[in-house]
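Asks: Sending over a structure as structure tokens; questions will come in a sec.
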Amino acid sequence: MTEAQALIRAVEQADSAPRLVAAVQDLASAEVEAGISTLIAVLGYNNPTAAVAAVQGLIQIGSPAVQPLIEQLDDYNYGARAYAIRALAAIADPRALDILLASAATDFAPSVRRAAAKGLGALRWRELPTNERSTAQVKALETLELILQDADWSIRYAAIVGLQRLATTSELTSQIQSKFAQLLATEKDAAVRSRVQFAQAQLFSITSD
């Protein structure tokens with residue numbers, strides 16, 4: 001039995017919550033591609049501590065985890081889906097663009113939508129072919145602008161985070177700055193307004209350097 005197989009078996013055979021957490025942490029720390037499917041399965045367990053450790057492990061593995069995360073996305077367990085989207089957002093591989101767009105715009109779970117919105121702005125756009133990059137960035141912008149109209153203030157807040165990140169990773173800075181100015185004239189929620197002002201200040205410090 002290889003070390004990876006032993007680590008995976010320890011997760012599968014854990015007979016208590018503490019043992020599960022410890023086993024997942026060990027597997028995550030190993031950063032082995034063979035453990036990807038097991039870490040993804042842990043996202044659906046009713047153990048938030050183990051799920052957070054699994055997310056961190058998937059993030060550390062990076063790009064090799066992207067396609068399995070997309071293919072094994074749980075349509076029925078929104079908690080597992082939120083963890084998976086959080087991992088995809090942190091890995092920032094542009095292959096996750098379509099699932100992040102759909103999740104931000106249409107998922108019924110606010111936690112999933114927030115994670116996707118934040119992740120949309122931080123994708124590694126340079127990994128896309130030049131002729132696809134601008135189109136992909138515009139799709140992200142349009143989706144984030146769409147969910148700025150959501151009734152849930154926390155979704156709008158997440159969209160601001162995504163837009164700020166997009167402004168620093170794309171050629172859409174001026175458009176996003178204009179959108180922020182418009183928002184200050186219409187947004188009623190104090191927390192969202194404060195986040196817009198913070199984003200404006202951050203972008204100003206970057207563009208004025």
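Asks: Does at least one position in the range 131-138 carry a residue that is buried (at least 16 other Cβ atoms within 10 Å of the Cβ), aliphatic (A, V, I, L, M) and closer than 19 Å to LEU88 by Cβ? Full working, then the answer.
Replies: As a first pass, look at the range 131-138 and keep what is buried (at least 16 other Cβ atoms within 10 Å of the Cβ): 133, 136-137.
With the extra rule that they be aliphatic (A, V, I, L, M), the set shrinks to 136.
With the extra rule that they be closer than 19 Å to LEU88 by Cβ, the set shrinks to 136.
Checked the range 131-138: at least one residue is buried (at least 16 other Cβ atoms within 10 Å of the Cβ), aliphatic (A, V, I, L, M) and closer than 19 Å to LEU88 by Cβ.
Asks: Go through the range 94-111 and report how many residues are touching a Ser or Thr at 6+ places or on another chain (Cβ under 7 Å) and either modelled with pLDDT under 95 or open to solvent by 30 Å² or more (accessible area, probe 1.4 Å) (or both). Can you show your working first?
Replies: First, the residues of the range 94-111 that are touching a Ser or Thr at 6+ places or on another chain (Cβ under 7 Å): 101, 104-105, 110.
Checking the rest, the ones that are also either modelled with pLDDT under 95 or open to solvent by 30 Å² or more (accessible area, probe 1.4 Å) (or both) come to 105, 110.
Here the count works out to 2.
Asks: Find all pairs meeting these conditions: Cβ atoms under 9 angstrom apart; at least six residues apart or on different chains; first residue within the range 1-30 and at negative phi; second residue open to solvent by 40 Å² or more (accessible area, probe 1.4 Å) and among the acidic types (Asp, Glu).
Replies: Pairs found: ALA4/GLU33; LEU7/ASP26; ALA10/ASP26; VAL11/ASP26; ALA23/GLU12; ALA30/GLU3.
Asks: From ALA34, ALA82, ALA90, ALA10, which residue is open to solvent by 40 Å² or more (accessible area, probe 1.4 Å) and within 23 Å of LEU101 (Cα to Cα)? Quick ask: steps written out before the conclusion?
Replies: Values: ALA34 fails: within 23 Å of LEU101 (Cα to Cα); ALA82 fails: open to solvent by 40 Å² or more (accessible area, probe 1.4 Å); ALA10 fails: within 23 Å of LEU101 (Cα to Cα).
Answer to the selection: ALA90.
Asks: Going through the range 64-79 one residue at a time, which ones are modelled with pLDDT under 95 and small (Gly, Ala, Ser)?
Replies: Of everything in the range 64-79, just one residue is modelled with pLDDT under 95 and small (Gly, Ala, Ser), namely GLY79.
Residues checked against (1) touching a Leu at 6+ places or on another chain (Cβ under 9 Å); (2) without any contact (Cβ under 8 Å) to a residue 40 or more places away in the chain:
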position: ILE91; (1), (2): yes, yes
position: VAL138; (1), (2): yes, yes
position: ALA151; (1), (2): no, yes
position: ILE160; (1), (2): yes, yes
position: LEU166; (1), (2): yes, no
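Asks: So which of GLY62, GLY57 ends up being buried (at least 17 other Cβ atoms within 10 Å of the Cβ), farther than 19 Å from ALA102 by Cα, in contact with a helix residue (DSSP H, G or I) (Cβ under 6 Å, 6 or more places away or on another chain) and not hydroxyl-bearing (Ser, Thr, Tyr)?
Replies: Selected residue: GLY57, the only one of GLY62, GLY57 that is buried (at least 17 other Cβ atoms within 10 Å of the Cβ), farther than 19 Å from ALA102 by Cα, in contact with a helix residue (DSSP H, G or I) (Cβ under 6 Å, 6 or more places away or on another chain) and not hydroxyl-bearing (Ser, Thr, Tyr).
The values are calculated or read from the model by the stated rules, or taken from the named source; none is laboratory data. Fair warning: this is a prediction, and the values are worked out from it, not measured in the lab. Note: ideal-geometry Cβ built from the backbone for every residue, glycine included; neighbour counts use all protein chains shown. Ligands, DNA and RNA are excluded from the accessible area calculation, which covers all protein heavy atoms including side chains. Shrake-Rupley method; radii C 1.70, N 1.55, O 1.52, S 1.80 Å.
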